[in-house]
Amino acid sequence: MLTKKQKRNNWILVIVLIAASLFFLFPVLWMLANSFKQDAAITRDMNSIRAFVPPALKGNFFDNYVKILTDTSFVRYMLNTLFYAAVLIILGVIVNGLAGYALAKIKFPFRERWLMIIMLLMIVPMETIITIHFLFIAKVGLLNTVIGYVLPMIVNPFNIFLFRQVFVSLPDDVYEAAQLDHCSPIKYFFTMVLPMSKSVVATVSVFTFLNVWNDYLWPSLVFTSGDLLTAQIGLNAITSNDNTTMGQKLAVITMITIPVIIIYSLFSKQIVEGVVSTGSKEG
Amino acid sequence: MSFIELKNVCKKYDKTEKNAVTNFNLAIQEKEFIAFVGPSGCGKSTTLRMIAGFEEISSGELYIDGKKMNETAPMDRGISMVFQNYALYPHMTVEKNISYGLKNMKVPADEIKKKVDWAVQILGLEEYRCRKPKNLSGGQRQRVALGRAIVKDQKVFLMDEPLSNLDAKLRVSMRNEISKLHRELGSTTIYVTHDQVEAMTMADRIVIMKDGVVQQTGEPMELYEHPCNKFVAGFIGSPQMNFYDVQVERNGITFSDGKSIALPDTVTAKLQGYDHVIMGIRGEDIKFDGQNLDVYRETRQQAVIENTEIMGNENNLYFEFGGITSVARVSKYEVSRIGDSVDFVMMPHKMHFFHPQTEEAITVQGRGGL
Ligand SMILES: Nc1ncnc2c1ncn2[C@@H]1O[C@H](COP(=O)(O)OP(=O)(O)OP(=O)(O)O)[C@@H](O)[C@H]1O
Ligand SMILES: [Mg+2]
């Protein structure tokens, strides 16, 4: 039972949270409402509350979207990005997961040192090493290829650390039991470790997806032209084109936001868990 | 050659000073049920894990079925194991848990099904086949762990305190189930426990350990009746054996509180050459009934009951005697209340004597030297 005072505090909290979320939500609502309007209507409504109200549902309601879908390759770019995200999720879980497992459970010389180094790497921003990645990929002739794009993105010290933190607390006797059940170490990793750690796999997958979806710098370096572009690059190309109307720009931005919103609403628990578990939970 | 043989097996963990296990020697016959007992940290699990192959053997040799196993991988040693914390696969159903090993061993599907059905049936797990471990009680989980071990037809069963997480009642029933399984399957079993009752009731032979060293190996009653040192005498049996520091007299012994008891010549002969010894006597060998009081009337003693433990079938009486709080175990017909003054006798032939320094049992006549 909550006391009276706790109840009152809860209400205050709810009101504050609603106010805060409205504050963050209103640009999004504005974007959504205006993405259905022609430019004239956008300018007209700018200074009134109608700026947040979508136009009437008439024949030309989806015009901006239709234009984007038919006149640009934006859908293609979105599908590209989804594909890259899928590849990077699978490879990332395997590679970072195996590394995290080794750091958590396998004894080898200087294991703690390695962990320290990987934790230090977490501090290094991607931007500072991206030139080196770029030069390397260019040298081996992988510019404008999927492999060139994916390769440097697979390893992620943060994800290694995340995996390690969760794997450290897996019971050793399960591994011993599996050994007696003729389960090889690799098989153990895939059929036991990953299924037993579903939530960290989900967390890492979500983070990887958001990373890939929102990344601009790296794809803009690797992909100079062509069909391989990601959604963010496509977005930039479309919005910086003088022929694109304001309404169309807002439609593209809305489209690129949708997957992120879906992911956040489906996996908010994993996202919070991921952030929390890196802080505490030392096995 | 015996089925399992440990020869001078030692274990020293990295970065530790002392051996966890020192010169472990044991020969186990096929189908034998062996229990390792001892206080916490005495090296029982370490020894078992060396047999399983989860810990490296620092020195010494391990043979299973005539083959040296020191370097063999756990899965090739022909063992199955039941773990203290069950170690079930949490994301698999009961059925999958039990069949997992068979699948990996490439057993044909119909045979797997037959085996799983059999295990599920004898362990009474039919209703739970499709449940995950987290939806099972401790006893059911332990049965799944047993099931996983028995379907694999391995010749050796290792169990590390498999019942320690269960409540007292369940422990008794699982104890019986394990004994029954052992009789039916006839696999050689090594069972680690710190519970001497489990060891006494289940094992063909018991190995008692202390600080990594085997103290005594033998059949349960042999250990109970003829403990080789004070540690074994105190470890086996409940309530604990009473130990008195006594002075050896020509025809008896004197306790530290000045009381003395005359002993028959056959007993005093054993104590020839000793000044002081430790005398041990079990609670049930201190008698309060009229008949025994009569037989041993010369050595009758008196004490005041200070505390009682009423168990129903038997009662423990605590009283101050010979410089320590002694305990006697009496039947329910010999009720005494706190504060009662009672007469009792100690059965001289049930007394155990131990060397005051080495604490080894004094058995052979006149081996003293103090
Ligand atoms: N991995 C390890 N590294 C270092 N020392 C260890 C390790 N495992 C066990 N020991 C030490 O070895 C000794 C024996 O431990 P072991 O686990 O075999 O005891 P045990 O008889 O099984 O005790 P318990 O009844 O508490 O399970 C203990 O002193 C313990 O501290
Ligand atoms: Mg143990």
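Read through the list (1) farther than 16 Å from B:V151 by Cα; (2) touching a residue at least 24 places away in the same chain (Cβ under 8 Å); (3) within 14 Å of another protein chain (Cβ to nearest Cβ), then give the number of the only condition that B:T72 fails.
It is condition (2) that B:T72 fails.
Which one of these is more than 30 Å from A:L250 (Cβ to Cβ) and of a type outside the set (A, V, I, L, M, F, W, C): A:G100, A:G59?
Only one candidate qualifies: A:G100.
Please find, within the range B:175-193, the residue that is farthest from B:R77 (Cα to Cα) out of those that are touching an Asp or Glu at 6+ places or on another chain (Cβ under 7 Å) and within 16 Å of ligand 1 (Cβ to nearest atom).
So, considering only residues that are touching an Asp or Glu at 6+ places or on another chain (Cβ under 7 Å) and within 16 Å of ligand 1 (Cβ to nearest atom), the one farthest from B:R77 (Cα to Cα) is B:T193.
Identify, please: which residue in the range B:151-185 is in a loop (DSSP other than H, G, I, E, B), under 12 Å from B:E198 (Cα atoms) and in contact with a helix residue (DSSP H, G or I) (Cβ under 7 Å, 6 or more places away or on another chain) and is, among those, nearest to ligand 2 (Cβ to nearest atom)?
The qualifying residue nearest to ligand 2 (Cβ to nearest atom) is B:P162.
Across the range B:53-69, which residue is farthest from B:L136 (Cα to Cα) among those that are touching a helix residue (DSSP H, G or I) at 6+ places or on another chain (Cβ under 8 Å) and either facing chain A (nearest Cβ under 9 Å) or hydroxyl-bearing (S, T, Y) (or both)?
Once the filter is applied, the top-ranked residue is B:G53.
Do you know which residues across the range B:261-298 are hydroxyl-bearing (S, T, Y) and buried (at least 17 other Cβ atoms within 10 Å of the Cβ)?
Correct list: B:T268, B:Y274, B:Y296.
Given the residues B:Q215, B:Q247, B:Q240, which is the only one that is touching an Asp or Glu at 6+ places or on another chain (Cβ under 8 Å) and more than 16 Å from ligand 2 (Cβ to nearest atom)?
On inspection, the qualifying residue turns out to be B:Q247.
Residues of the range B:12-46 being free of Cβ contacts under 8 Å to residues at least 60 places away in the same chain and either within 14 Å of another protein chain (Cβ to nearest Cβ) or more than 12 Å from ligand 1 (Cβ to nearest atom) (or both), which ones?
Hits for the range B:12-46 are B:Y13, B:D14, B:K15, B:A27.
Of the residues B:L223, B:L163, B:L158, only one is within 16 Å of ligand 1 (Cβ to nearest atom) and without any contact (Cβ under 8 Å) to a residue 60 or more places away in the chain; which?
It is B:L163.
Looking only at residues in the range B:85-100 that are under 26 Å from B:T193 (Cα atoms) and out of contact with any Leu (no Cβ under 7 Å at 6 or more places or on another chain), which one is farthest from the other protein chains (Cβ to nearest Cβ)?
B:I98
From the list B:V197, B:V207, which residue is away from ligand 2 (no atom under 16 Å from the Cβ), in contact (Cβ under 8 Å) with a residue 40 or more places away in the chain and either under 31 Å from the mean Cα position of the chain (by Cα) or not in a strand (DSSP E or B) (or both)?
Result: B:V197 is the single residue among B:V197, B:V207 that is away from ligand 2 (no atom under 16 Å from the Cβ), in contact (Cβ under 8 Å) with a residue 40 or more places away in the chain and either under 31 Å from the mean Cα position of the chain (by Cα) or not in a strand (DSSP E or B) (or both).
Please list, ordered by residue number, the strands (runs of 3 or more DSSP E) wholly in the range B:215-295 having 2 or more residues that are under 32 Å from the mean Cα position of the chain (by Cα) and of a type outside the set (S, T, Y).
B:242-248, B:252-255, B:276-281
For the range A:181-220, which positions are closer than 22 Å to A:I129 by Cβ and surrounded by fewer than 18 Cβ atoms within 10 Å (Cβ to Cβ)?
Passing the criteria: A:L210, A:N214, A:Y216, A:L217, A:S220.
Looking at the range A:244-274, which of its residues are farther than 18 Å from A:R76 by Cβ and not in a helix (DSSP H, G or I)?
The answer is A:T245, and nothing else.
Does B:Y128 satisfy the condition of being among the hydroxyl-bearing types (S, T, Y), in the same structural domain as B:A20 (by TED's automatic domain parsing) and away from ligand 1 (no atom under 16 Å from the Cβ)?
When the stated conditions are applied, B:Y128 does not pass them.
Would you mind finding the one in B:V232, B:V207 that is modelled with pLDDT of 95 or more and touching a Ser or Thr at 6+ places or on another chain (Cβ under 7 Å)?
B:V207
Filtering the range B:115-150 down to residues that are in a loop (DSSP other than H, G, I, E, B) and touching a Gly at 6+ places or on another chain (Cβ under 7 Å), which residue is modelled with the highest pLDDT?
B:L125
Determine which member of the set B:R49, B:R77 is more than 12 Å from ligand 1 (Cβ to nearest atom), within 14 Å of another protein chain (Cβ to nearest Cβ) and crowded, with 17+ Cβ neighbours inside 10 Å.
B:R77
Could you check the range B:156-201 and list, in sequence order, the residues that are within 13 Å of chain A (Cβ to nearest Cβ) and under 29 Å from B:E111 (Cα atoms)?
Across the range B:156-201, the qualifying residues are B:V156, B:F157, B:L158, B:M159, B:D160, B:P162.
The values are calculated or read from the model by the stated rules, or taken from the named source; none is laboratory data. All figures in this text were calculated on a predicted structure; none of them were measured in a lab. So basically every Cβ, Gly included, is an ideal-geometry build from the backbone, and we count neighbours across all protein chains shown.
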